[in-house]
Amino acid sequence: MDVLLTAIGLVFTPYVLLVMLGAALFGLFVGSIPGLTATMATALLIPITFFMDPVPAIAAIVTTVAMAIFAGDIPGCLLRIPGTPASAAYADEAHALTAKGQAERALGTSLVCAVIGGLLGTLVLATTAPLLAEFAIQFSSFEYFWLACLGLSCAVMISTGSVLKGAVSLLIGLFISTIGIDITAGHPRFTFGSVEMMGGISFIPAMIGMFAVSEVLRYVASSRQKPQVPQQSIGNVFRGLGPVLRRYKLNLVRGGAIGTAIGVLPGAGADIAAWVAYAVSKRFSREPEKFGSGHVEGLVDSGSANNAGLSGAWVPALVFGIPGDSITAIVIGVLYMKGMNPGPTVFLNQPELIYAVFVAFFLANLALLPLGFLAIRLARQVLRMPQRILMPIILMFCIVGAFAINNTVFGISIMLVLGLLAYIMEENGFPIAPTILGIVLGTMLEDNFMSSMIKADGDLLGFFSRPIALSLGIVTLSIWFLPPVIRALRKRSQRFSQ
Amino acid sequence: MRLNDAIFGIVLLIFAFAVIVYSQSFPATFGQSYGPDLFPVLIASGLAVCGLLLTLKGWAARRKTPWFESGDWAKDWHKLVTFALVPLALIFYILFSEFLGFLPTASLILFVLLRRFSVGPLAALGIACATSLVIHTIFARFLLVPLPWGLLQPIAW
């Protein structure tokens, strides 16, 4: 209880609250502009949070992301262009409601469901993370090695696109993480004599490149037409919402639960949560034929799921240092820079910081209600903001952000190379999330593998010598080998039946 | 810009081979069979397998997917130049920001890009200068990032 009070005290200072307000406006703005994603908002925010204490820095990220994910619904509803990928699942549905003249109903439902979903996810985060941490305190390098493997395998399996391309993406990320001085022998790898490369590929410029620069490139390459903002006026979005929420209260909880669970899985974030929740909603609906024609039920499920997924992703990130989505991958980089290395020991040594994260999540989701309302009101002005002015400004922020981490232009080179790489990869159907996870987890994977090998004296069976390591190992290996085996068996049985 | 999977496969195979060969130059750790070369070699082997599979997949689908599909924008000369301007702007900053200083470099990059995106000349000039000043104030003044002054050193504030 004392810890919670300390945490509340840490968050409720004028400085932190002001930072959160600024972050909220930033998040709403970025989220509601199509083409600018919540992950990009986080990447652009990092150079600024770099100079803050841990609590305001994390509060800023949490707030920005929660706001951006909701704000992505606004252009989805009004223009049928999702503001962030997390709104893509139901942009058609929401726009169909707008076409029927019910934009208020769509936006109001999205907003309230986002708030409730976010609060549900936070509740799960705040209750399960400390329990898991207590359990995780017994983990040794063997368990962490398997956890990292498990996380990376999940990222490949769940990622959008083919598993093969996901695997390539992951291996590229892992390779990038080996650049620099090697941890066990101290030998420089792939540095080609460059002193700057010895420190390895800095994480923040890499993120800015892969999420922001690549987006600018995509804007330049696309011939996106200027969207036509509908002239329909938006009235009171909360009117008549009570009956809707009462009717679909089960959907609200189900969406929240699905969102949190998918958020916890490494590599799958709010966007996949929304797709799955929407599909589940349609599958179990009593009136599935109404889906697609402007039916509010799917919005309830998926609107609550994507905001719940955000907090779910923080569970593995805080407890094991394994990110649940690309946003928490960035967060883990920030935590390391703040000396708050994620893992069960933070829960023991600095519990007030962990609880401050929870408090920030609750506060951000509650603040979403009035601020989201404001954003809906201002939507038409924001959507008129010309992208041809915005994109060069974003590029300039990227440059300064990449420079600011180490104060060298080398960061800008990293940003450029990885930005181009990410652009080419995405254009050709290679998902980006596994690369990010590879860069974040590569060092942890190798570090734990090497120390385990030294402990076990080179005996690979050592990796299965402890009960938890054994079960984690079996789960990981079955993720790798079961799908092809099952596929082969099915083919054989088909051949027999013919 | 879309390429046939086989092209990615072949590039990956070459890359993986180069990594494996280069990793052989890493010193071995005394008394152990695993050293700094173990992980790069494992990763490269994985990439080689994926590269091989991609090549086979791309070859099998070569009738349906062309080797190279540039997309409409690359045929459009104007668009291609615009696309190239983004990396060029970054390279320009890397090479000249130290000498010119942040404010001139940033204003110039912003002005050129804005003009290219067909923003009017006066508006582009105003936005370029104002944005550079705002970014400079935020990062150099408040966040204490040592953005270079370059030519403007004598009038640094």
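The values are calculated or read from the model by the stated rules, or taken from the named source; none is laboratory data. If you're wondering where the values come from, they're calculated on a predicted model, not measured in any experiment. All Cβ positions, even for glycine, are placed from backbone atoms using ideal geometry, and neighbour counts span all protein chains on display.
Residue A:294 fulfils the conditions (1) part of a helix (DSSP H, G or I); (2) surrounded by fewer than 23 Cβ atoms within 10 Å (Cβ to Cβ) except for a single criterion, (1). If I filter region B:106-140 down to residues being of a type in the set (Val, Ile, Thr) and at the interface with chain A (Cβ under 9 Å from one of its Cβ atoms), which single residue comes out as surrounded by the fewest Cβ atoms within 10 Å (Cβ to Cβ)? Looking at the filtered set, the residue picked out is B:138.
For region A:202-218, the tally of residues that are within 20 Å of residue B:39 (Cα to Cα) and surrounded by fewer than 22 Cβ atoms within 10 Å (Cβ to Cβ) stands at 1. Take the conditions (1) outside any helix (DSSP H, G or I); (2) over 27 Å from the mean Cα position of the chain (by Cα); residue A:266 misses just one of them, which is (2).
Among the residues of region A:307-318, is there at least one that is under 23 Å from residue A:77 (Cβ atoms) and either of a type outside the set (A, V, I, L, M, F, W, C) or without any contact (Cβ under 8 Å) to a residue 40 or more places away in the chain (or both)? Yes, region A:307-318 contains at least one residue that is under 23 Å from residue A:77 (Cβ atoms) and either of a type outside the set (A, V, I, L, M, F, W, C) or without any contact (Cβ under 8 Å) to a residue 40 or more places away in the chain (or both). Assessment of region A:238-261 against the conditions (more than 14 Å from every other protein chain (Cβ to nearest Cβ), modelled with pLDDT of 85 or more and within 30 Å of residue A:447 (Cβ to Cβ)) yields at least one matching residue.
Within region A:101-115, is even one residue more than 30 Å from residue A:239 (Cβ to Cβ) and either assigned to a helix (DSSP H, G or I) or aromatic (Phe, Trp, Tyr) (or both)? No - not one qualifying residue is present in region A:101-115.
Residue B:149 passes every criterion in (1) within 11 Å of chain A (Cβ to nearest Cβ); (2) surrounded by 16 or more Cβ atoms within 10 Å (Cβ to Cβ) apart from (1). Only residues that are within 14 Å of another protein chain (Cβ to nearest Cβ) and at pLDDT 90 or above were counted across region A:46-66, and they come to 3. For region B:86-118, the set of residues classified as free of Cβ contacts under 8 Å to residues at least 40 places away in the same chain, touching a helix residue (DSSP H, G or I) at 6+ places or on another chain (Cβ under 6 Å) and not in a helix (DSSP H, G or I) consists of B:117 only. Checking each residue in region A:388-410 for being at the interface with chain B (Cβ under 8 Å from one of its Cβ atoms) and assigned to a helix (DSSP H, G or I) picks out A:388, A:389, A:391, A:392, A:393, A:395, A:396, A:397, A:399, A:400, A:403, A:404. Just one of the listed residues (A:36, A:78) is among the aliphatic types (A, V, I, L, M), crowded, with 24+ Cβ neighbours inside 10 Å and in contact with a Pro (Cβ under 8 Å, 6 or more places away or on another chain), namely A:78. Taken together, A:204, A:208 contain a single residue that is more than 8 Å from chain B (Cβ to nearest Cβ), within 26 Å of residue A:45 (Cα to Cα), in contact with a helix residue (DSSP H, G or I) (Cβ under 6 Å, 6 or more places away or on another chain) and at pLDDT below 85, which is A:204.
Please determine whether any residue of region A:452-460 is farther than 28 Å from residue B:90 by Cα, part of a helix (DSSP H, G or I) and charged (D, E, K, R). Yes, the conditions are met somewhere in region A:452-460. I need the full set of residues from region A:358-387 which are outside any helix (DSSP H, G or I) and either within 11 Å of another protein chain (Cβ to nearest Cβ) or within 17 Å of residue B:105 (Cβ to Cβ) (or both), in order please. Matches in region A:358-387: A:386 only. Tallying residues that are among the hydroxyl-bearing types (Ser, Thr, Tyr) and either in contact with a Pro (Cβ under 6 Å, 6 or more places away or on another chain) or more than 18 Å from residue B:157 (Cβ to Cβ) (or both) within region B:82-130 yields 4. Consider region A:1-31 and keep the residues that are surrounded by fewer than 13 Cβ atoms within 10 Å (Cβ to Cβ) and among the aliphatic types (A, V, I, L, M). The one that is nearest to the chain's Cα centre (by Cα) is A:18. Checking each residue in region A:338-369 for being under 20 Å from residue A:442 (Cβ atoms) and surrounded by fewer than 18 Cβ atoms within 10 Å (Cβ to Cβ) picks out only A:341. Within region A:13-20, at least one residue is modelled with pLDDT of 90 or more and within 24 Å of residue A:325 (Cα to Cα).
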